[in-house]
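Read the structure below first, then the notes.
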Amino acid sequence: MFPIVSFHVHIKPITPRFILPKASKTIQSHEPIIKSQNLKSATSVKKRRAKRIKTLVDSRNISSTRRLLTYVESGCLEDALHVFENMSDSSTFIWNMIIRGLTNNGFFQEAIDYYHRMQFEGVKADCFTFPSLIKACTAVFATVEGQKVHSRIIKLGLDSDIYTCNALILMYAKVGYVKDSNEIFEGMPVKDLVSWNSMISGYVLAGDGRRSLTCFNKMQADGLKPDRFSIISALGACALGHFLLNGKEIHCQVIRRRFQLDLMIQTSLIDMYGKCGLVKYAEGVCNSISQKNVVVWNAMIGTYAVNDKSFESFACAREMQENDNLIPDIVTMINLLPSCAKLEALAQGKAIHGYAIRKGFLPHLVLETALVDMYGKCGRLKLAEGMFFHMKERNLISWNAMIAAYVQNGRAREALEMFQDLRYEKFFPDEMTFASILPAYSEKALPKEGMQIHSYICKLGFATSTFISNALIYMYAKCGDLQTAKKIFDSMLFKDLISWNTIILAYAIHGFGASSITLFSKMREEGIKPNGSTFVSLLSSCSVAGMVEEGWEYFNSMKRDYGINPGIEHYGCMLDLLGRAGNLDLAKRFIDEMPLTPTARIWGSLLAASRHHRNVELAELARNHVLSLNHDNTGCHVLLSNMYAEVGRWEDVEQVRCWMKNQGLENTIGCSIVEYNSNTFRFTNHDKSQIKSNMIYEVLDIISRKIGKNQYVPDVTKFKPLDLLKKRDNAPFCHSVRLAISFGLISTSVGNPVLVRKNIRICEDCHNAAKKISEITNREIVVGDSKIYHHFRDGRCSCRDYW
DNA sequence: GTAGGGTTAG
């Protein structure tokens with residue numbers, strides 16, 4: 001398939017979830033990603049042509065002005081500049097020539113600089129100067145410069161010049177001031193087809209597909225016939241807003257107007273169908289093109305990529321090289337990288353990176369951002385960081401990619417720091433930023449911090465977005481504020497499947513299984529069809545709330561009633577349920593018989609069940625499987641080590657600890673946090689650093705005496721004296737959760753629940769203590785551990801003592 | 001003798 005050549009790329013073994021139904025779609029490991037002949041850079045045709053023209057022009061006796069014009073028109077910029085700098089004449093005409101030459105050859109800032117020089121030298125700009133100059137300002141997003149130029153145009157009385165206005169329309173739309181574009185457009189005394197096309201295209205540039213189409217229709221109502229430019233832009237609008245019906249209408253128009261052989265229109269049609277999710281239609285258009293160019297192929301590769309057809313996108317890239325002998329370009333790379341990310345095909349991704357370096361594609365803002373994204377999604381955070389921090393130029397999208405990479409790799413702290421840093425840059429967060437950062441808040445924050453980010457979202461006007469609301473529901477639920485999560489859900493104008501899945505999961509996290517099931521019924525009543533994720537939410541809910549029978553019923557109904565094949569996540573939830581029921585043999589058999597390869601999560605679930613039912617042998621087996629999968633899940637090892645300690649197998653404890661040390665794995669330091677007066681208070685075990693420390697310990701002492709201080713210390717007779725000492729150092733009496741609960745009890749008013757968040761799972765001793773504390777203090781205590789929320793009330797916990 | 005609108009991209 002694709003890029004690169006000088007070495008063969010091997011794709012990593014693909015886990016079952018990535019195998020497509022058709023076996024023919026697999027990538028052959030012996031196939032290089034990019035063919036070798038494509039590595040040879042195309043000899044510079046342009047340079048040779050320029051040389052020819054120069055020889056021709058030099059041999060003739062023509063004026064400098066004519067010579068300048070010829071050089072500019074043939075792209076011989078160096079020669080043009082040389083002639084220009086040696087000319088004695090300094091007319092507006094020759095300045096216009098040089099500004100146009102610079103702009104058309106991509107030297108935008110230089111074009112602006114020459115305009116300044118022109119002003120400095122007192123040469124008056126005219127209506128021919130501005131279109132090229134504005135184009136240059138647009139290209140480099142020189143908003144302020146563009147506005148100054150606009151004032152100058154008004155002063156010179158050129159603001160009704162049709163060419164200049166058309167250029168201004170595009171400039172304002174591209175730099176984010178589409179209202180100004182519209183004002184210019186509406187104020188034009190005479191509009192031509194280009195003016196309409198500029199406005200249609202301007203709305204697309206501004207991301208407003210709906211207004212673009214309105215403009216397209218208005219133009220026709222005004223009696224103007226759309227040309228190929230109008231159609232290409234209008235198709236862009238349909239692609240942007242996923243307006244399939246409008247897109248199809250335009251396709252009909254294309255056929256009626258006999259535009260169907262226009263390659264650019266065909267490309268736009270592929271893109272439109274691709275973005276609207278109609279892959280078959282896109283393929284149809286693509287197949288009808290006899291002479292495809294790279295852009296057509298790229299549009300098709302992009303279509304497959306956005307429609308989750310990663311293998312097809314690779315196959316398409318191969319076909320482009322093998323059948324059409326075309327060389328992949330930067331856009332090909334950019335379109336393929338998401339497919340690498342989807343398949344976690346790191347080798348392919350690296351091969352593309354290597355190819356890009358060899359071809360001299362880097363540095364390139366979009367390509368580098370796509371690489372950050374790919375490395376992040378393939379779990380290579382270091383590579384993503386290396387890419388991002390070495391980028392010469394970054395925009396909001398690159399920042400979003402890096403923030404998302406941190407979040408996806410469990411580094412919420414770094415993600416939050418980056419989000420703070422963003423404020424020091426010239427960027428304002430957009431929808432994507434919030435969608436990426438909210439999971440980090442879900443991981444780390446408490447309700448007040450969550451509310452702060454929520455109000456920031458409202459301030460920037462993103463609160464009505466379904467996309468963002470879904471992320472907010474999850475964040476509030478994970479922060480412990482289920483009520484606000486539900487409030488947001490209820491107030492949403494448009495709820496999609498993800499909204500329903502999220503609210504069902506929200507209740508699952510808090511152990512309210514019955515509510516999850518009620519919500520599922522409501523969802524069905526509203527005609528929303530569940531998907532695989534819905535069942536992950538539902539089965540988790542059944543598992544957390546101990547609803548074993550209901551869980552089995554939903555698991556069986558997936559395939560039977562909804563045609564959904566259970567995935568590894570569903571098997572994981574069922575295993576949690578079996579673990580809760582206590583039949584470990586059945587759980588083990590369930591793993592042996594399941595049709596998918598067990599993952600670390602599956603073995604982790606068995607390990608948790610073994611811990612709960614004190615089966616050390618099975619726990620060892622589960623941990624060995626986790627080890628064989630090369631998974632660095634610290635929790636598994638700590639769990640086993642604790643089990644060994646509980647039965648007094650101290651040598652084994654030491655062995656696990658030593659092994660962890662050798663592997664460079666550190667035991668996560670447990671900490672619990674409580675919010676009080678908008679401040680977050682953090683406690684570690686035996687913490688005495690808080691201001692109210694004395695009071696906290698006094699309260700803890702009173703409580704402990706009431707619930708029986710030694711009641712939950714494991715049987716000490718099993719311990720060796722030295723180990724007993726060690727154990728006492730870490731006595732559950734002073735565990736961070738209890739310190740946090742004590743602090744919560746004295747700092748919150750009676751009647752309100754005490755909310756504590758913990759970074760690791762709650763231990764059995766503290767779980768028992770929390771139940772007792774809720775009983776004797778008559779307070780609701782809510783402890784969110786790394787997986788679920790425990791609601792302690794009247795001596796009972798919502799998890800029914802299984803977690 | 002000069003100028004403006006278009007395809008694929010995170």
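The values are calculated or read from the model by the stated rules, or taken from the named source; none is laboratory data. Computed from a predicted model, the values in this text were never measured in an experiment. Heads up, the Cβs are rebuilt from the backbone with ideal geometry, glycines too, and the neighbour counts pull from every protein chain shown. These area figures cover heavy atoms from the full protein model, side chains too; ligands, DNA and RNA do not enter into them. Shrake-Rupley method; radii C 1.70, N 1.55, O 1.52, S 1.80 Å.
If you take all other residues with their beta carbon under 11 Å from the beta carbon of A:Asp785, and give Lys and Arg +1 and Asp and Glu -1, the sum is +4. Taking the protein heavy atoms of chain A in the context of the full set of protein chains, the accessible area attributed to carbon and sulfur is 53 percent at 1.4 Å. A:Glu283 contributes about 40 Å² of solvent-accessible surface, heavy atoms of the protein only, 1.4 Å probe. Solvent exposure of chain A, expressed per residue, is 49 Å² of accessible area, with all protein chains present and a 1.4 angstrom probe. For chain A, the 222 nm mean residue ellipticity estimated from helices alone, with every DSSP H stretch of n ≥ 4 adding -39500 (n - 2.57) and the total spread over all residues, rounds to -20000 deg cm²/dmol.
A Stokes-Einstein calculation at 37 °C with viscosity 0.692 mPa s, built on the Kirkwood radius of the stretch A:208-285 over Cα pairs, returns a diffusion coefficient of 270 µm²/s. Taking the DSSP bridge list for chain A and keeping only pairs wholly inside it, about 80 percent are antiparallel. Structure note, pairs A:Lys444/A:Lys688; A:Lys248/A:Lys522; A:Lys135/A:Lys191; A:Lys275/A:Lys382; A:Lys174/A:Lys218: Cα-Cα distances above 26 angstrom occur for A:Lys248/A:Lys522; A:Lys275/A:Lys382. Charged neighbours of A:Val754, selected by a Cβ distance under 11 Å, balance to -1 (K, R count +1; D, E count -1). Once C-alpha pairs closer than 8 Å and six or more residues apart are averaged by separation and normalised to the residue number of the stretch A:90-187, the relative contact order reads 23 percent. Computed over chain A, relative contact order equals 6 percent, with contacts defined as Cα pairs under 8 Å that lie 6+ residues apart. Projecting each Cα onto the charge dipole of chain A (Lys/Arg +1, Asp/Glu -1 at the beta carbon, about the Cα centre), which of A:Phe467, A:Thr599, A:Ser436 comes out farthest on the positive side? With unit charges placed on the Cβ atoms, the residue in question is A:Thr599. Look at the alpha carbon pairs under 8 Å that are at least 6 residues apart: their mean separation over the length of the stretch A:208-285 gives a relative contact order of 29 percent.
With no solvent and one equal point scatterer per Cα, compute the Debye intensity ratio I(q)/I(0) for the stretch A:90-187 at 0.11, 0.13, 0.17 Å⁻¹ and report its log10, rounded to two decimals. Here the Debye-derived log intensity ratios amount to -0.27, -0.39, -0.67.
Give the distance, in whole Å, between the Cα centre of the stretch A:387-412 and the Cα centre of the stretch A:578-622. Result: 37 Å between the Cα centres.
With the highest mean first, a sort of the peptides A:687-695, A:386-394 on other beta-carbon atoms found within 10 angstrom per residue produces A:386-394, A:687-695. With 0.36 nm allotted per residue and the present C-alpha distance subtracted, the A:Asp222-A:Glu651 stretch has 145.7 nm of extension available. Here the convex hull built on the C-alpha positions of chain A has a volume of 212 cubic angstrom per residue.
Taking chain A as the reference, fit the longest principal axis to its C-alpha atoms, fit the long axis of helix A:365-377 to the helix C-alpha atoms, and give the angle between the two in degrees, 0 to 90, nearest 10. That helix lies at roughly 20 degrees to the long axis.
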